[in-house]
Amino acid sequence: MLRPAPAARPAGENQPTLHRRICNAFESIERIPKAYQGENDSASYCEVEKDHGRIETRRCVVSDILTRWYHVKELWPGARSIVMIESAREIGETITTERRYYVSSLRPDPVRIAHAIRSHWAIESMHWTLDVAFDEDQCRARVNNAAQNFAILRRITLNLLRQDRTSKVGLKNRRLKACASERYLEQLLGWPEQPPIGSSGSTPSA
């Protein structure tokens, strides 16, 4: 079993020996790729995402070679493969690249592991957003189903705020704007624009 996702545990620099061994392994794979292109030695998967002028290319490389070099308990209990996720983000003429390393309890299947890691970080990102925009961690509702009901309402509200493309401000400011402006709130909820009070919308008869 792997934490925090069931598919892969991040190998950070707080585990220097493990992190160094994984980095060295992938450096060897990149330096002499043909030597590691066996059935289970290494495999890769690449996907490209385009959104609002941003192009992100994610490459997932997996290998079980390190579990052969060292006893599995020296890496992590249950480890069956190591993983490198390389993210290249292109915005205009600027390109930034980031690499993250993981230990996985899954066999070296790059497609399955890449999707599992992406799903995990999507959930983590949502929890972070809910905490920043709604102070979710400070909610003390505990009576009956109150906590679950508030969680559902926060997620509905989050989705409505994210769909708004007219405001160039963050989610927290959109919340405040919805509290201060009934027109903006109606726009978020998809209600038709109401005529001013006292206006019948028709021409008075003579």
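Since every read-out is calculated from the coordinates, none of them should be taken as a lab result. Note that this is a predicted model, so its numbers are computed, not measured. Reconstructed Cβ throughout: ideal geometry from the backbone, glycine too, with neighbour counts over all protein chains shown.
Observations
- Residue-span extension gain [Asn173 to Tyr45] - 0.36 nm each, minus C-alpha spacing: 42.2 nm
- Phi-derived couplings, Karplus 6.51 cos²θ - 1.76 cosθ + 1.60 at θ = phi - 60°, listed residue by residue for the stretch 92-102: x, 9, 9, 10, 10, 10, 9, 10, 10, 10, 9 Hz, with x used for Gly and Pro.
- Under the convention that each Lys and Arg Cβ holds +1 and each Asp and Glu Cβ holds -1, the size of the dipole of the stretch 139-189 around its Cα centre is about 260 debye.
- Reported to the nearest whole Å, the Cα centre-to-centre distance from the stretch 86-101 to the stretch 132-185 is 31.
- Look at Leu176, Leu171, Leu185 and count the other Cβ atoms within 10 Å of each Cβ; fewest to most, that gives Leu176, Leu185, Leu171.
- Three principal axis lengths of the stretch 139-189 [C-alpha, angstrom, descending]: 37, 18, 17
- Taking amide hydrogens as placed 1.01 Å from N in the peptide plane, the amide H of Arg80 sits under 5 Å from those of Ser104, Ser105, Leu106, each at least 5 positions away in sequence or on another chain.
- With 0.36 nm allotted per residue and the present C-alpha distance subtracted, the Phe150-Asp131 stretch has 5.5 nm of extension available.
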